[in-house]
């Protein structure tokens with residue numbers, strides 16, 4: 001009499017094959033997810049920069065894009081001309097129908113933040129830079145800035161983005 005079913009050895013072989021396939025596939029999936037998260041963050045930042053560019057041209061007011069490294073927050077600040085000082089004071093820009101800040105994902109780290117050729121991350125000798133920024137002037141021209149980021153799950157890999165001065169958008173270097 002013949003019994004139908006699987007033997008223990010056959011089941012163990014199937015489980016070993018499934019384990020091997022998952023070991024090969026899961027790291028690849030995680031890298032794609034991290035890459036997607038970085039690209040989404042850059043898209044959100046470009047959206048923020050577009051708002052600043054558009055508002056600066058429309059209202060002839062400068063904007064400051066502030067990177068708060070302690071809070072992992074990027075926010076827009078609008079320049080308001082002080083009648084007593086005769087210079088711009090920057091205040092958080094808030095509009096009910098627009099998002100004017102983004103949170104950086106925890107696995108993304110800004111390694112270098114270069115504005116007009118100077119690395120803002122090394123601004124304080126022996127200290128830590130907690131905040132930095134660049135401007136989009138009242139004519140819509142962005143200050144020269146380069147942002148170099150790394151991801152925790154991709155050690156040794158750097159992603160370099162330059163702010164396009166006339167479009168106010170981040171462009172990834174090849």
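The values are calculated or read from the model by the stated rules, or taken from the named source; none is laboratory data. Because the structure is predicted, anything quoted here is derived from the model rather than measured. For neighbour counting, all protein chains shown are included, and Cβ atoms are generated from backbone atoms with ideal geometry for every residue, glycine included.
Looking only at segment 98-112, decide whether some residue is in contact with a helix residue (DSSP H, G or I) (Cβ under 8 Å, 6 or more places away or on another chain), assigned to a strand (DSSP E or B) and farther than 20 Å from residue 161 by Cβ. If you could, list the steps in order and put the result at the bottom.
Of the residues in segment 98-112, the ones in contact with a helix residue (DSSP H, G or I) (Cβ under 8 Å, 6 or more places away or on another chain) are 98-102, 104-105, 107-108, 110-112.
With assigned to a strand (DSSP E or B) added as a condition, the list becomes 98, 101-102, 108, 110-112.
Still in the running and farther than 20 Å from residue 161 by Cβ: 98.
Yes, because at least one residue in segment 98-112 is in contact with a helix residue (DSSP H, G or I) (Cβ under 8 Å, 6 or more places away or on another chain), assigned to a strand (DSSP E or B) and farther than 20 Å from residue 161 by Cβ.
Look through segment 68-95, keep the residues that are closer than 27 Å to residue 40 by Cα and out of contact with any strand residue (DSSP E or B) (no Cβ under 7 Å at 6 or more places or on another chain), and return whichever of them is surrounded by the fewest Cβ atoms within 10 Å (Cβ to Cβ).
Start the filter on segment 68-95 by keeping residues that are closer than 27 Å to residue 40 by Cα, which leaves 68-78, 91-95.
Next, only the ones that are out of contact with any strand residue (DSSP E or B) (no Cβ under 7 Å at 6 or more places or on another chain) stay: 70-71, 94-95.
Details: 70: 9, 71: 13, 94: 11, 95: 11.
Among residues in segment 68-95 that are closer than 27 Å to residue 40 by Cα and out of contact with any strand residue (DSSP E or B) (no Cβ under 7 Å at 6 or more places or on another chain), the one surrounded by the fewest Cβ atoms within 10 Å (Cβ to Cβ) is 70.
Of the residues in segment 53-65, how many are under 15 Å from residue 99 (Cβ atoms) and at pLDDT 95 or above?
As a first pass, look at segment 53-65 and keep what is under 15 Å from residue 99 (Cβ atoms): 54-55, 63, 65.
Filter again for at pLDDT 95 or above, leaving 63, 65.
Number satisfying all stated conditions: 2.
Criterion first (touching a helix residue (DSSP H, G or I) at 6+ places or on another chain (Cβ under 8 Å) and closer than 27 Å to residue 171 by Cβ) does residue 42 satisfy it?
When the stated conditions are applied, residue 42 does not pass them.
Select from segment 151-167 the residues that are at pLDDT 90 or above and under 14 Å from residue 39 (Cα atoms) and write down the one among them that is surrounded by the fewest Cβ atoms within 10 Å (Cβ to Cβ).
So the residue we want is 158.
Quick one: count up the residues across segment 120-174 that are on the phi > 0 side of the Ramachandran plot and touching a strand residue (DSSP E or B) at 6+ places or on another chain (Cβ under 6 Å). Steps first, answer last, please.
Taking segment 120-174 first, the residues on the phi > 0 side of the Ramachandran plot are 126, 140, 156, 168.
Okay, now just the ones that are also touching a strand residue (DSSP E or B) at 6+ places or on another chain (Cβ under 6 Å), so 168.
Result for segment 120-174: 1.
Quick grid of which residues meet (1) within 23 Å of the chain's Cα centre (by Cα); (2) in contact (Cβ under 8 Å) with a residue 40 or more places away in the chain; (3) closer than 30 Å to residue 151 by Cβ; (4) loosely packed, with under 11 Cβ neighbours inside 10 Å:
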{"position": "16", "(1), (2), (3), (4)": "no, no, no, yes"}
{"position": "19", "(1), (2), (3), (4)": "no, no, yes, yes"}
{"position": "25", "(1), (2), (3), (4)": "no, no, yes, yes"}
{"position": "45", "(1), (2), (3), (4)": "yes, yes, yes, no"}
{"position": "62", "(1), (2), (3), (4)": "yes, yes, no, no"}
{"position": "97", "(1), (2), (3), (4)": "yes, no, no, yes"}
{"position": "109", "(1), (2), (3), (4)": "yes, yes, yes, no"}
